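Asks: Sharing a structure here in structure tokens format.
The values are calculated or read from the model by the stated rules, or taken from the named source; none is laboratory data. From a predicted model like this one, the values you see are computed outputs, not experimental measurements. Methodologically, a virtual Cβ is constructed for each residue, glycine included, from the backbone with ideal geometry; neighbour enumeration extends over all protein chains shown.
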Number of protein chains: 2
Amino acid sequence: MTMPPTRRITLEDVAKAAGVSRATASRVISGSGPASPDVRDRVRTAVRHLGYQPDQVARSLASGTGFRLVIAIVGTTPRVLDDPYVDRAVAAAAETASPYGVGVSLQWVPRAAPRLDKLADDRSVRGVVLINTTEATLAAVPAALHRRVASIGIGSSRVPSFDVDNAAGSSAIVHHLYASGRRRIAMVTGPPWLPCAWRSVRSYQNLMRSTGLPVRLVAGDFSAAGGQQAMRTVLRRWPDTDAVFAINDATALGAIAVLRESGHRVPDDVAVAGFDDIPFAELSAPALTTASHPVGQIVSAAATAVLEGSRVAPAAIFPSTLVRRASA
Amino acid sequence: MTMPPTRRITLEDVAKAAGVSRATASRVISGSGPASPDVRDRVRTAVRHLGYQPDQVARSLASGTGFRLVIAIVGTTPRVLDDPYVDRAVAAAAETASPYGVGVSLQWVPRAAPRLDKLADDRSVRGVVLINTTEATLAAVPAALHRRVASIGIGSSRVPSFDVDNAAGSSAIVHHLYASGRRRIAMVTGPPWLPCAWRSVRSYQNLMRSTGLPVRLVAGDFSAAGGQQAMRTVLRRWPDTDAVFAINDATALGAIAVLRESGHRVPDDVAVAGFDDIPFAELSAPALTTASHPVGQIVSAAATAVLEGSRVAPAAIFPSTLVRRASA
DNA sequence: CGCACCCCTGAGAGCGCTCTCACCGCAAGG
DNA sequence: CCTTGCGGTGAGAGCGCTCTCAGGGGTGCG
């Protein structure tokens, strides 16, 4: 009943079985260097026969290249995880990294500097995709991470960035609200220190100013709870508000809940629009008008950039399209 | 402008700075073995002074212990990620593992056997928490993972399990529906091959049978989309249904959306209840009646079990409480 | 025929750490 | 006085892999 204490199958075993040296076996397996067809075959057969599985850790120690892609969620609160945005990001990253033999780790990075340094000289880390970046975070990205890091949202000269076209998407939404006759449009933004979405705010402000409409800004925190609180503030400050543009869907859903509670009809009294088009957006009552956010594509591009190093476009903006539903 | 190619600070450096051997430095740092107070101090000072950061990979190679906890999402479709359930799980696991110096990786495990073997002899893996387990998966858990694995949901003699009290929670819900006068109660379950929630189904069946009410079961897939589809089936087969118990909140939210579309009032015509109490549950219209699911506690317990090995209770069931809102 | 290649291969030195083992000195016991 | 025993220490052998480097055997060219 007791198993023999099965020893790990090592490269040495493969080499021996194939009748070659460890070095040659390594060359064949990792494809780094020449090998005669005959030898190649013998090694491959041995690998298959023995069920050899290279030891990533040892490989990493020897070569210095990591085997996992870290998705670093930068932020003061882990609350951002509530946003189904992250799910899509992880799924896409995992899919992209898989062919590289790289796994994906999700990591919450409370304050940037020390933790990023840690990531930088962790041998097991192949690269880092930053989510929710602030400018302070970008500044804290250690040089050792150069060419192995990408950011979802804002970037810098050293950190390539990948993002949805916030300006265009938001502009489409605000214009849609305006076009449908709304004139007292409020916006619930994210936390003020997160520049991820400043462009959205600017789009909103631009339209307001160019049409001479009042700017009504309240900060949320990307979460539904934050949206609820912010919506209450909006109603208190500007009870005649007839439309709300929320920085993301979770916020919008929170806003709708508060409006409903307080007896406002959506969209008849107050129109509400979000951003991201998360799965629950179309399930809300009324179904949420929002702007699509190709999170999968974006994260995938970022992951590719990190894994391919410089062989790939350093940054990109992905288009967002207006998703018209019932709420606005 | 160009940095000197800063060499990594190794244990060797620390040892030299402290005037001791590498072995002694190692002993002090990992606390494995005796050391005189004087030496201990000198080593600690050197560590702080040099900013030494042990190399997890090398450590792992040498000692054979891993440095990451893998949350394995077992399933045929990655769709389960849509469920905000996973967010809470990851957050809790990360928090629990952090003091152990262990990071958390999320991994999607399509088919169990080969991938679990891979995890089992990946040196970097300290342990595995299985989510969404089937019995086939449990059977495929390799012996090498013994004492390093836990399952959220069903378990086996070799795999400790941690779960919410599905039976009690579901029972509370079904009884609540019954007590509020519903008599034609349908249930939307999960995928038939996933036993995670069989107990819930059984609770439902028990009440139906004991009261002589008809059993109306339709399978969903834990997702909102699946819930929508299943709800349509329910309405087609049993148009007089006056209550729906959904296996989880995402499913329930999907069901509510379909009911609304098709002109049924919730809860007046059809009451709907879910399970899990995800963040969006209280935001839906009407707010969702559901049963709480202490995912955080559960995953945390599982993680602890994995990290502590046998020093901890091998399994546990966590209580669920009925969350009465507007939908039922 | 000699020389310069080039293709392929093996020996061996690490990567940074842990851990076993042997050793040294000193206090306690016979 | 010699034995034990024990807290403290260092030398050194790996963990499994990669990679440099030197060499061996062909071919092409002068």
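Asks: Take segment A:36-59 and flag every residue that is more than 14 Å from chain B (Cβ to nearest Cβ) and either surrounded by 18 or more Cβ atoms within 10 Å (Cβ to Cβ) or away from DNA strand D (no atom under 12 Å from the Cβ) (or both).
Replies: Going through segment A:36-59, the residues more than 14 Å from chain B (Cβ to nearest Cβ) turn out to be A:36-47, A:49.
Result: A:PRO37, A:ASP38, A:VAL39, A:ARG40, A:ASP41, A:ARG42, A:VAL43, A:ARG44, A:THR45, A:ALA46, A:VAL47, A:HIS49.
Asks: Now for a separate question. For segment A:186-219, give me each residue that is assigned to a strand (DSSP E or B) and within 15 Å of A:SER170 (Cα to Cα). Break it down into steps so the answer makes sense when it comes.
Replies: Of segment A:186-219, the ones assigned to a strand (DSSP E or B) are A:186-189, A:216-219.
Passing the criteria: A:ALA186, A:MET187, A:VAL188, A:THR189, A:LEU217.
Asks: Moving on to the next point. Go through segment A:273-287 residue by residue and tally those that are of a type outside the set (Gly, Ala, Ser) and within 12 Å of chain B (Cβ to nearest Cβ).
Replies: Total meeting the criteria: 6.
Asks: Next question, about the same structure. List the number of the failed condition for A:VAL258; all other conditions in (1) closer than 24 Å to B:SER223 by Cα; (2) part of a helix (DSSP H, G or I) hold.
Replies: All conditions pass for A:VAL258, except number (1).
Asks: Scan segment A:277-294 and give yes if some residue there is surrounded by 18 or more Cβ atoms within 10 Å (Cβ to Cβ), β-branched (Val, Ile, Thr) and out of contact with any Pro (no Cβ under 9 Å at 6 or more places or on another chain), otherwise no.
Replies: Scanning segment A:277-294 turns up at least one residue that is surrounded by 18 or more Cβ atoms within 10 Å (Cβ to Cβ), β-branched (Val, Ile, Thr) and out of contact with any Pro (no Cβ under 9 Å at 6 or more places or on another chain).
Asks: So is B:SER171 of a type in the set (S, T, N, Q), modelled with pLDDT of 90 or more and over 17 Å from the mean Cα position of the chain (by Cα) or not? Working first, answer last.
Replies: Working: of a type in the set (S, T, N, Q): yes; modelled with pLDDT of 90 or more: yes; over 17 Å from the mean Cα position of the chain (by Cα): yes.
Criteria met by B:SER171.
Asks: Kindly list, by first and then second residue, each pair from a residue in segment A:6-35 that is within 14 Å of A:SER63 (Cβ to Cβ) and away from every other protein chain (no Cβ under 14 Å) to a residue that is among the β-branched types (Val, Ile, Thr) and more than 12 Å from DNA strand C (Cβ to nearest atom), limited to pairs with Cβ atoms under 8 Å and residues at least 6 apart or on different chains.
Replies: Filtered contacts from segment A:6-35: A:ILE29/A:VAL47.
Asks: Kindly list the number of the only condition in (1) more than 16 Å from DNA strand D (Cβ to nearest atom); (2) farther than 30 Å from B:GLU282 by Cβ; (3) modelled with pLDDT of 85 or more; (4) within 14 Å of chain B (Cβ to nearest Cβ) that fails for A:ARG115.
Replies: (3) is the only condition that A:ARG115 fails.
Asks: Residues A:VAL125, A:VAL104, A:VAL70: which one is within 11 Å of chain B (Cβ to nearest Cβ) and at pLDDT below 90?
Replies: Details: A:VAL125 fails: at pLDDT below 90; A:VAL70 fails: at pLDDT below 90.
Exactly one residue qualifies, and that residue is A:VAL104.
Asks: Identify, please: which residue in segment A:12-35 is more than 26 Å from A:ARG126 (Cβ to Cβ) and of a type in the set (A, V, I, L, M, F, W, C) and is, among those, nearest to DNA strand D (Cβ to nearest atom)?
Replies: A:ALA15
Asks: When you scan segment B:235-294, how many residues do you find that are more than 26 Å from A:GLY227 (Cα to Cα) and within 24 Å of the chain's Cα centre (by Cα)?
Replies: 3
Asks: Given the criterion surrounded by fewer than 23 Cβ atoms within 10 Å (Cβ to Cβ), more than 13 Å from chain B (Cβ to nearest Cβ) and without any contact (Cβ under 8 Å) to a residue 40 or more places away in the chain, identify the matching residue among A:GLU261, A:GLU308. Lay out the reasoning, then the answer.
Replies: Working: A:GLU261 fails: more than 13 Å from chain B (Cβ to nearest Cβ).
Only one candidate qualifies: A:GLU308.
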